[in-house]
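Report on one structure; see the data block that follows.
The values are calculated or read from the model by the stated rules, or taken from the named source; none is laboratory data. Just so it is clear, the model here is predicted, and its values are computed rather than measured. Here the Cβ positions follow ideal geometry from the backbone for every residue, glycine too, while neighbour counts run over all protein chains shown.
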């Protein structure tokens, strides 16, 4: 029987990466629009960049879901999200950020932040934040997960002795 923790971890991974294969399919089926966007940055080689994006968006999510080289796949996908946010969601270039209707700057701002939200989730997979059990969450709902709790706890003893001390 599969444990609830395994099912939750699988669901979390699926939810984190579900949009990428659909994004790859969108690029394939609307190649002309995707190529126009790829060519809109200062980087040369739009078609090669687009093929690379499709491969990353198709392969990395499956590696993450099936836990096959998942840390490397998550790191690559995190870099992909950060780079695409910086290259293709340049909200700071538009003067219409505070406009009430149809603001290109505001739309890019939210897409920029969503990309970096994905970067954060993918880096959690990369650096291996441990999953807490359902029981520990239920019994301590306000506690931090162990990886973060230990980072904020001050040491009880000094790690070095003062100079000249015994």
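When residue 127 is tested against the conditions (1) modelled with pLDDT of 80 or more; (2) under 30 Å from residue 33 (Cα atoms); (3) surrounded by 10 or more Cβ atoms within 10 Å (Cβ to Cβ), the lone failure is (2). Of all residues in the stretch 63-79, those that are within 9 Å of residue 122 (Cα to Cα) have Cβ atoms under 8 Å from Cβ atoms of residues that are at pLDDT below 95 and outside any helix (DSSP H, G or I), 6 or more apart or on another chain, in 71/128. Tell me, please, whether a residue that is surrounded by 13 or more Cβ atoms within 10 Å (Cβ to Cβ), out of contact with any helix residue (DSSP H, G or I) (no Cβ under 9 Å at 6 or more places or on another chain) and modelled with pLDDT under 95 can be found in the stretch 5-18. There is at least one residue in the stretch 5-18 that is surrounded by 13 or more Cβ atoms within 10 Å (Cβ to Cβ), out of contact with any helix residue (DSSP H, G or I) (no Cβ under 9 Å at 6 or more places or on another chain) and modelled with pLDDT under 95. Looking only at residues in the stretch 108-117 that are touching a helix residue (DSSP H, G or I) at 6+ places or on another chain (Cβ under 7 Å) and under 10 Å from residue 78 (Cα atoms), the one that is surrounded by the most Cβ atoms within 10 Å (Cβ to Cβ) is 115. Of all residues in the stretch 27-41, those satisfying the criterion of being touching a helix residue (DSSP H, G or I) at 6+ places or on another chain (Cβ under 8 Å) and without any contact (Cβ under 8 Å) to a residue 24 or more places away in the chain are 31, 34, 35, 38, 39. Can you go through 105, 95, 120 and tell me which one is assigned to a loop (DSSP other than H, G, I, E, B) and either exposed (fewer than 15 other Cβ atoms within 10 Å of the Cβ) or free of Cβ contacts under 8 Å to residues at least 60 places away in the same chain (or both)? Matching residue, one of 105, 95, 120: 95. When you look at residue 151, is it surrounded by 10 or more Cβ atoms within 10 Å (Cβ to Cβ), under 28 Å from residue 73 (Cβ atoms), at pLDDT below 80 and under 22 Å from the mean Cα position of the chain (by Cα), yes or no? For residue 151, the condition - surrounded by 10 or more Cβ atoms within 10 Å (Cβ to Cβ), under 28 Å from residue 73 (Cβ atoms), at pLDDT below 80 and under 22 Å from the mean Cα position of the chain (by Cα) - is not met.
Specify the residue that is farthest from the chain's Cα centre (by Cα); the eligible residues are those in the stretch 130-139 that are at pLDDT 80 or above and surrounded by fewer than 12 Cβ atoms within 10 Å (Cβ to Cβ). Restricting to residues being at pLDDT 80 or above and surrounded by fewer than 12 Cβ atoms within 10 Å (Cβ to Cβ), the top hit is 139.
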